[in-house]
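Let me begin by presenting the structure, written as structure tokens, before commenting on it.
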Amino acid sequence: MSDAPILSQIRTAALARRNWLKAGLASLGGLWLAGCDQLSNNATAIKVLESAEGLTRRAQRLVLSPGQLAPEFKPGDISPNFKANGSVDPQDTAYRAHVANGFADWRLSIEGLVQHPMKLSLADLKARKSRTQITRHDCVEGWSCIGQWTGAPLADLIREAGLKPEAKFLVFHCMDTMGGGGEDNRYYESIALADVFHPQTILAYEMNGAPLAVPHGAPVRLRVERHLGYKQAKYLERIEAVASLEGLHGGKGGYWPDRGYEWYAGI
Amino acid sequence: MTAADANAASGTEVPDRLYRHSGLTRATHWINALSLFVLLLSGLNIFMAEPGLFIGQYADFDHPAVRIFAAHGAGGQLIGVTQIGDSQIITTGFLGVSNNATGHPVARTWPTWMTLPSYRDLATARRWHFFFAWMLVLNGAAYLAWNTYVRHIQKDLWLTAEDVKAIPQSVVDHIRLRHPTGLAATRYNVLQKLAYLAVILVLVPGMVLTGLTMSPGMDAALPVLPWVFGGRQTARTLHFLFAWGLVLFFIVHMVEMVLAGPVNELTSIITGWYRVPKSHSDHGAA
């Protein structure tokens, strides 16, 4: 056919234009992605982005009165399967030994900047006044589960131990090692005094009416409602009152905060 | 007779150029555009940490409203699946499974070009998201406060009785891709007003409020939030839907800009000055 070369020429030109357009869009997109990825790894850019955390913390402290409770639910609202996340079956030798003998030798130590350091057995904790609450557990990943928790209010224990005036935070040291690493990968978290003395902040030893199971942090986990799931430290063994978080592990006050997550986990 | 012709025929003086957007409107427009863009891409990265949507207070993992995941085919190959309610669609190459930088299919909710950062990183995506969320809120508050004060919203965006009557005609004009000229072009048409009002009064405030409902701190401060939206998980689902509503608005916004004259439209949102398109009767009346 006589017009075939012209058609093929047009086709080639169209194809070239399309390829050029595709290449152009792809390289623009690639430039944008590379730019954002570079910013995401730039210390100054991260500092700027992190400044929003201080704003969020101050704004929430402003609208949240100290005693304001997180919403509580009815027994019928409890999740049929409460997802266990993070460590679900710690393999640490000391922890395995505690599981093997039913936590009979387990002691919770309250120490650091306190007047009277304490060592409490599970029975000691259970003998104290308890609080039961049905609350929503909000994971940073986006899901939520509702569960019932029974435990000893942290405020009572801390008043008993007596905080020294310079104490500003409580640090929760856990028995589980994340990702199988060494001491550096031991889970820990910390909270400010405003949350320590909140009525819903408890050391929970029961979940949904049964003793706390291993996937959920046996024998005792922290419940600090009004915060995300990673703040609810499991497998507790030591509570330390400190003046600053800087000397601990990565210095950001928690296993996940040391890895880029917000220390203030109200959002 | 269209509304455009009617206005042109009424004999009102039509300016050649019009100072359409105040400096504050222009600045807030661009900050808003940048914020929404970053919020969308970082939000999609955050979504990858739990690529399902649920209705209610807690996540019923066995009954998601929406879920995007990867399955294995008979030959072991990866298949991207998007599930909405009980129905599943194969979305390999886009949702659930897409190609990585070296062209190999990997299990991933969205393709890399749709997320910020391009790689999976919940902590960094949240940093981006909350910084620009504050920017969106402060910028939006400045826009609303100032433009309510100078009555821009009441005068130029709020619907008048004539606007409501003109809805059918405006729908026809939009379908025929006919854009107003002359005096009519100095005002927003009714569908345009509805689209802008939907963004500034429904979609963006809806994004912010459903976003706040996902915050355990804010739910303690304002228990009315989870009550209004039917739970944190429903709020998360609505957050997702509002986001795509804004994407839809953006697409229509771009199409309309191109159809109405991209140079003139872009110039007006950068410099404030809008050249009023001439109507045929304007030429005759000179």
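We did not get these values from a lab; they are worked out from the coordinates using the rules stated. All values derive from a computational prediction rather than experimental measurement. Every residue, glycine as well, gets a Cβ built from its backbone with ideal geometry; the counts of neighbours run over all protein chains shown.
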(message) Tell me whether segment A:67-259 comes out rounded, prolate or oblate; compute the Cα gyration tensor, take square roots of the eigenvalues as a ≥ b ≥ c, and use a/c under 1.5 as the rounded threshold.
(response) rounded
(message) How long are the semi-axes of the equivalent ellipsoid of segment B:159-261, taking √(5λ) for every eigenvalue λ of the Cα gyration tensor, in whole Å from largest down?
(response) 36, 14, 10
(message) In whole Hz and in residue order, list the ³J(HN,Hα) couplings for segment B:70-77 that follow from phi through the Karplus curve 6.51 cos²θ - 1.76 cosθ + 1.60, θ = phi - 60°; x for Gly and Pro.
(response) 10, 10, 9, x, 4, x, x, 6
(request) Just check chain B against the gyration tensor rule for me: Cα atoms, a ≥ b ≥ c as the square roots of the eigenvalues, rounded for a/c under 1.5, and otherwise prolate or oblate depending on whether a/b exceeds b/c. (result) prolate
(request) Could you work out how far apart the two model spin labels at A:Ala243 and B:Thr160 are, taking each label as a point 7 Å from the Cα in the direction of the beta carbon, and quote it in nm? (result) 7.0
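Just to confirm a number: summing +1 for Lys and Arg and -1 for Asp and Glu over residues other than A:Ala94 whose beta-carbon lies under 14 angstrom from that of A:Ala94, what do you get?
Details: positive: A:Arg96, A:Arg107, A:Arg186, A:Arg238; negative: A:Asp92, A:Asp105, A:Asp176, A:Glu183, A:Glu237.
Charge balance near A:Ala94 sits at -1.
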(message) Between A:Val224, A:Val171, A:Val88, where does the largest GNM mean-square fluctuation fall for chain A, given springs only between Cα atoms within less than 10 Å?
(response) A:Val88
(message) As I understand it, the value is the acute angle between the Cα axis of helix B:23-47 and the longest principal axis of the Cα atoms of chain B; what does it come to in degrees, rounded to 10?
(response) 20
(message) Give me, ordered by chain and number, the residues 5 or more places off A:Arg238 or on other chains with an amide H under 5 Å from its own placed amide H.
(response) A:Ser109, A:His173
(request) Between A:Cys145, A:Cys174, A:Cys36, find the one with the highest GNM mean-square fluctuation for chain A; connect C-alpha pairs within less than 10 Å. (result) A:Cys36
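Would you tally the net charge around A:Val114, using a Cβ to Cβ cut-off of less than 14 Å, leaving A:Val114 out, and scoring K and R as +1, D and E as -1? Don't skip to the end; give the middle numbers.
Working: positive: A:Lys119, A:Arg159, A:Lys164, A:Lys168, A:Arg238; negative: A:Glu111, A:Asp156, A:Glu160, A:Glu166, A:Glu240.
Within the 14 Å Cβ shell, the charges total 0.
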(request) Report, to the nearest 10°, how far helix B:204-213 tilts away from the longest principal axis of the Cα atoms in chain B, using its own Cα long axis and a range of 0 to 90°. (result) 30
(request) Enumerate the whole-percent occupancy of each 10 Å bin, from 0 to the last occupied one, for all C-alpha pair distances of the protein assembly as shown. (result) 3, 14, 22, 22, 17, 11, 6, 4, 1, 0, 0
(request) Before anything else, pin down the relative contact order of chain B: Cα pairs under 8 Å, at least 6 apart, normalised by residue count, whole percent. (result) 26
(request) List, in order, the whole-Hz ³J(HN,Hα) value for each residue of segment B:85-96 obtained from phi through the Karplus relation with A = 6.51, B = -1.76, C = 1.60 and θ = phi - 60°; use x for Gly and Pro. (result) x, 9, 9, 10, 10, 7, 10, 3, x, 10, 10, x
(message) Longer than 32 Å from Cα to Cα, which of A:Lys129/A:Lys168; A:Lys74/A:Lys119; A:Lys74/A:Lys252; A:Lys22/B:Lys193; A:Lys22/A:Lys47; A:Lys83/A:Lys126 are they? Say none if no pair is.
(response) A:Lys74/A:Lys119; A:Lys74/A:Lys252; A:Lys22/B:Lys193; A:Lys22/A:Lys47
(message) Given the DSSP H assignment, sum -39500 (n - 2.57) over each helix run of at least 4 residues in the protein assembly as shown and divide by its residue total; what's the result at 222 nm in deg cm²/dmol, nearest 500?
(response) -13500 deg cm²/dmol
(message) Between 0 and 90 degrees, rounded to the nearest ten: what's the tilt of helix A:4-40 against the longest Cα principal axis of chain A?
(response) 20
(message) What does the net charge come to around B:Leu39 if you take all other residues with beta carbon closer than 14 Å to its beta carbon, with K and R at +1 and D and E at -1?
(response) +2
(request) First check a/c for segment B:74-136, with a ≥ b ≥ c the square roots of the eigenvalues of its C-alpha gyration tensor; if it is under 1.5, answer rounded, and if not, answer prolate when a/b is larger than b/c or oblate otherwise. (result) oblate
(request) Scan around A:Gly112 for amide H atoms under 5 Å from its own, H built in the peptide plane at 1.01 Å from N, and keep only partners 5 or more places away or cross-chain. (result) A:Ala241
(request) Search the structure for amide H atoms under 5 Å from the amide H of B:Arg108, placed 1.01 Å from N in the peptide plane, and list their residues when 5 or more places away or on another chain. (result) B:Gly96, B:Val97, B:Ser98
(request) Using the Karplus curve 6.51 cos²θ - 1.76 cosθ + 1.60 with θ = phi - 60°, work out ³J(HN,Hα) for each residue of segment A:206-220 in order, rounded to whole Hz, and write x for Gly and Pro. (result) 10, 10, 6, x, 10, x, 4, 7, 4, x, 9, x, 3, x, 9
(request) Would you mind ranking A:Asp92, A:Asp138, B:Asp121 by Cβ crowding within 10 Å, fewest neighbours first? (result) A:Asp92, B:Asp121, A:Asp138
